[in-house]
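Accompanying notes for the structure given below.
Readers should treat all values here as calculations from the given coordinates under stated rules, not as data from a laboratory. Quick caveat: nothing in here was measured; it's all calculated off a predicted structure. Ideal geometry is used to build each Cβ from the backbone, glycine not excepted, and the neighbour counts take in all protein chains shown.
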Ligand SMILES: [Zn+2]
């Protein structure tokens, strides 16, 4: 009998608020607000899509999240879903810009998120879009700092990385670095290894969302291993876009000492939760390697120390069970 991946304690470090929604919740909220139903998921094996097909679906789903109650529901359901997959700690990455129009201000969105995670094994990472004006990214980074005492864990850059220049976001990341917060930009998805290097060296990234193209340059792989910058690898996020395969990349990264965590990114778009990501990785990883990945996800998380220790003990118990 293979070990049960649900019983392996793990953290989900890369999950977007809208992308975390259950399809039934997205449909229900859309109906409530009189919005059209979501476009069909454009995922077929072997078919490569541009970013826009996914962005359209994402934008439609996001338009149905309009109140603090909606945010609380989506967060609660995301954490429940993760918990059912053995996730002991979830970090939700949210660009508050998209919701601020409905809730009244960026601050109102952040406060709704922090209320939503209170009491749950989960935390909030604020993000700006790679396509945002650098001044707006600084504004959101400033909010991450302002709300750090209330539980904001870090700051990231999401969306299509080709839309911005790394050096333009140095001031935003300086703010969160000075405050000791996590720095978690998406990088190395479309752009090459140079992009990951710039995010580590210029932005002080403490983790990288995706980052598989780092394998194109052994020096960048060595940099990630030396600084122990974890990659948040989301196996189902790559095939629809025709970018690097996680199944090729994960064993190579592990062999070179790069910390690898698995995450779900947008289950609403890609249809797969945490156990599904580990099942995919199991095609190329031993249980030892899967346990190492789970332990990395916990170590690279911002979970409270006692919880982290307890979950790490659970990883050992899973492996010796
Ligand atoms: Zn993402």
Count the DSSP beta bridges whose two residues both fall in region 5-320, then state the antiparallel fraction as a percent rounded to the nearest 5.
0 percent
Note to self: C-alpha centroids of region 159-233 and region 1-26 sit apart, in Å, by 24 Å
When a/c reaches 1.5 or more, the comparison of a/b and b/c decides; with that in mind, is region 139-185 rounded, prolate or oblate per its Cα gyration tensor?
prolate
When 208, 293 are arranged by how many other beta-carbons sit within 10 Å of their Cβ, fewest first, they go 293, 208
The chain: relative contact order as a whole-number percent, Cα under 8 Å and 6+ apart:
21 percent
Output the peptides 86-99, 130-143 sorted from most to least packed, where packing is the average of other Cβ atoms within 10 Å over each peptide's residues.
86-99, 130-143
Residue-normalised 222 nm signal for the chain, counting each DSSP H run of n ≥ 4 as -39,500 (n - 2.57), nearest 500 deg cm²/dmol, is -14000 deg cm²/dmol
extent check for region 213-268: Cα max minus min per principal axis, descending, whole Å, gives 35, 18, 14
Protection proxy ranking, peptides 250-260, 6-16, average beta carbon neighbours within 10 Å, highest first:
6-16, 250-260
Would you mind telling me the antiparallel percentage of the DSSP bridges in region 147-300, rounded to 5?
0 percent
In whole Å, what is the distance between the alpha-carbon centres of region 55-125 and region 265-321?
22 Å
For the chain, rounded, prolate or oblate, judged on the Cα gyration tensor with a ≥ b ≥ c (square roots of eigenvalues), a/c < 1.5 rounded, else prolate if a/b > b/c?
rounded
